[in-house]
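A quick write-up on the structure given underneath.
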Amino acid sequence: MKLRALIVSALGLVLVLALAACGNKKETVVEAENEGIYVDIAGLTYQVQVSRELNPRDIEDQAYLKGLPPGTPPLKPTESWFAVFVKVWNEGDEPAQAAQEFRVVDTQYRDGQPCEPSKGCFAPVDLDTSINQFAYASTQVDPGEQYPPPSSTAYEGVIAGSVLVFRIPYASYDNRPLELLFKSSSSATEGGVRLDI
């Protein structure tokens, strides 16, 4: 009887350990229904810290808008600057290049169309990273590291993420949800995060 109880206990322990090991498996997520959820693309983990409209008259927001390309026309009364703040982690064993391609799309955009504002697709403005220390730049992220790196201006900022800036017409806010789509040249998989606006 004692041997039988011992065998049952041992089998129970094996089952508990097996189930516990399953709980440690990290699920790969490529699309998030809202900001704050981690998305895994091409060996890196991304998180949208926050997204919001920028006010060019606000002192904090002026810092995010530094480094606009020369000759950038002022906003039309029907347009806004829109920012998405991103953090990136490398939890793997190999260095990986952070995503190079980003776009914000509204519900009018259809997959396969060219990314044009008239089709509800907006590419980020190419900010000069030598002028704007908050600006996102595709960079190599080494194992165990994150971007923006600790102690950088972007990391120490109010939002603690690197900024992507988009020029978006107010009409697109009526075509919500807006979604951030991104990918790395090292993978065909595209990540997506529904933005909380």
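The values are calculated or read from the model by the stated rules, or taken from the named source; none is laboratory data. It should be emphasised that the depicted structure is a prediction, and the values quoted were computed from it without experimental measurement. Ideal geometry is used to build each Cβ from the backbone, glycine not excepted, and the neighbour counts take in all protein chains shown.
Some notes on this structure:
Results for (1) closer than 23 Å to TYR147 by Cβ; (2) at pLDDT 95 or above, shown as yes or no for each residue.
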{"position": "ASN24", "(1), (2)": "no, no"}
{"position": "ALA32", "(1), (2)": "yes, no"}
{"position": "ASP40", "(1), (2)": "yes, no"}
{"position": "GLY43", "(1), (2)": "yes, no"}
{"position": "ARG57", "(1), (2)": "no, no"}
{"position": "SER80", "(1), (2)": "no, yes"}
{"position": "VAL84", "(1), (2)": "yes, yes"}
{"position": "ASN90", "(1), (2)": "yes, yes"}
{"position": "GLU94", "(1), (2)": "yes, no"}
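- Look at the stretch 106-119: where a residue is without any contact (Cβ under 8 Å) to a residue 24 or more places away in the chain and a partner is outside any loop (DSSP other than H, G, I, E, B) and surrounded by 15 or more Cβ atoms within 10 Å (Cβ to Cβ), sitting 6+ places away or on another chain with Cβ atoms under 6 Å, you get TYR109/CYS121; CYS115/ARG103; CYS115/CYS121.
- Residue satisfying all of: in the stretch 146-197; in contact (Cβ under 8 Å) with a residue 24 or more places away in the chain, part of a loop (DSSP other than H, G, I, E, B) and hydroxyl-bearing (Ser, Thr, Tyr); nearest to GLU101 (Cα to Cα) among these: SER184
- In the stretch 135-173, of all residues being among the hydroxyl-bearing types (Ser, Thr, Tyr) and under 20 Å from PRO56 (Cα atoms), the one that is surrounded by the most Cβ atoms within 10 Å (Cβ to Cβ) corresponds to SER162.
- Pairs where the first residue, in the stretch 50-72, is free of Cβ contacts under 8 Å to residues at least 24 places away in the same chain and the second is exposed (fewer than 13 other Cβ atoms within 10 Å of the Cβ) and not charged (D, E, K, R), C-beta under 7 Å, 6+ apart: GLN62/PRO56
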